[in-house]
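Notes follow the structure.
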Amino acid sequence: MTLERFNNFDINWEKIQNAVSTKTKAILINTPHNPTGYVWTQHDWDQLAAIIDGKEIYVISDEVYDSIVFDGRQHIPGFLQEPFNNKVISIYSFGKAFHITGWKIGYCVASKAISEAFRSIHQYLTFSVNTPAQYALAKYLQIYDPEEAARMLQAKRDLLINGLHSSGLRQLTTSAGTYFQLYDYSEISNLNDVEFAQWLTVTHKVATIPLSAFYKTPQKDRIVRFCFAKKDEVIEKAAEILRHIS
Ligand SMILES: Cc1ncc(COP(=O)(O)O)c(C=O)c1O
């Protein structure tokens, strides 16, 4: 069941328009989005283009889940947006597509001017990335099939959703990308989201991320994020445990 007040995670463009001022230097966006699984449409990009039109505002576009989109969707990259393609930097990570979170190897796509500016800072902050891993990834890229990887994760998403169907958890909008799915647990517990996540981990050995972790301040919503980038048997076991908690 969808929790209507989240309105499918549609972006409130009026709110964004009102938040932009002469002090705004950059807008940071993330698509596919962690934790909601929302994937930007061309309409979203057009709305952003209209808001920054004629202004010196840059777009920092976190697209690290670019290859993980479901149900026939396409990821639309920020760097392809003609109205502001000289003001955007699209950021990618091999960590997500190749299940190597923590290796911290990725790349950026931007105009020549932005790329030069970025590299002048990057060389002092990061200096270099470990070479053997870069070679390994270059080799793997030759056989990597992003569509196959997305299909595999979509099946895992559906396994989780079907497994939790008869549980006391209420599913928010079905994840359109990433490997996360949000659930409301308010029918099960009155604990706040951090306490609930701790209780679930300690008592039932199922780890989740409380939504408050994504905000500056604790949230009243009783929502947690499940990660379905797991072996099928792990998802099935977690779902079985979750169906029996009350
Ligand atoms: C939206 C988003 N951006 C960036 C990152 C960082 O990715 P990496 O650890 O592969 O550099 C993460 C990791 O969780 C993420 O969820």
Next on the checklist: Considering only residues that are charged (D, E, K, R) and more than 16 Å from the ligand (Cβ to nearest atom), which ones fall in the stretch 54-101?
Outcome noted: K55, E56, D71, R73, E82, K87
Checklist entry - In the stretch 105-116, what count of residues is obtained for those that are in contact with a Ser or Thr (Cβ under 8 Å, 6 or more places away or on another chain) and either within 12 Å of the ligand (Cβ to nearest atom) or over 19 Å from L137 (Cβ atoms) (or both)? => result 4
Checklist entry - So which pairs qualify, if the first residue must be in the stretch 9-28 and of a type in the set (A, V, I, L, M, F, W, C), the second must be part of a loop (DSSP other than H, G, I, E, B), the Cβ gap must be under 7 Å, and the two must be at least 6 apart or on different chains? => result F9/T36; F9/Y38; F9/T173; A26/I57; I27/I57
Checklist outcome for this item: Checked pairs for the stretch 222-238, first closer than 12 Å to K156 by Cα and of a type in the set (A, V, I, L, M), second open to solvent by less than 40 Å² (accessible area, probe 1.4 Å) and in a loop (DSSP other than H, G, I, E, B), C-beta under 8 Å and 6 or more apart or across chains, list as A229/Y179; I235/F228
Item to check | the stretch 72-108, residues that are loosely packed, with under 13 Cβ neighbours inside 10 Å and in contact (Cβ under 8 Å) with a residue 60 or more places away in the chain | outcome: H99
Item to check | D46 vs. criteria without any contact (Cβ under 8 Å) to a residue 40 or more places away in the chain, open to solvent by 60 Å² or more (accessible area, probe 1.4 Å) and more than 16 Å from the ligand (Cβ to nearest atom) | outcome: yes
Next on the checklist: Taking the conditions exactly as written (open to solvent by 30 Å² or more (accessible area, probe 1.4 Å), away from the ligand (no atom under 16 Å from the Cβ) and closer than 25 Å to F214 by Cα), does K25 satisfy them or not?
Outcome noted: yes
Checklist entry - Mind checking whether some residue in the stretch 54-66 is more than 30 Å from P132 (Cβ to Cβ) and of a type in the set (F, W, Y)? => result yes
Item to check | Check on D53, free of Cβ contacts under 8 Å to residues at least 60 places away in the same chain and surrounded by 16 or more Cβ atoms within 10 Å (Cβ to Cβ) | outcome: no
Checklist entry - How many of the residues making up the stretch 54-85 are out of contact with any helix residue (DSSP H, G or I) (no Cβ under 7 Å at 6 or more places or on another chain) and over 30 Å from L153 (Cα atoms)? => result 6
Checklist entry - Which ones in the stretch 212-226 are buried (at least 19 other Cβ atoms within 10 Å of the Cβ) and under 20 Å from T101 (Cα atoms)? => result R225, F226
Checklist entry - Going through the stretch 184-221 one residue at a time, which ones are under 19 Å from R157 (Cβ atoms) and out of contact with any helix residue (DSSP H, G or I) (no Cβ under 8 Å at 6 or more places or on another chain)? => result D184
Item to check | Filtered residues of the stretch 186-238 (kept if part of a loop (DSSP other than H, G, I, E, B) and charged (D, E, K, R)) | outcome: E187, K205, K216, K220, D221, R222, K230, K231
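The values are calculated or read from the model by the stated rules, or taken from the named source; none is laboratory data. Just so you know, these numbers come straight off a predicted model, no measurement behind them. All Cβ positions, glycine included, derive from the backbone under ideal geometry; neighbour counts span all protein chains shown. Calculation scope for accessible area: heavy atoms of the full protein, side chains included, ligands and nucleic acids excluded. Shrake-Rupley method; radii C 1.70, N 1.55, O 1.52, S 1.80 Å.
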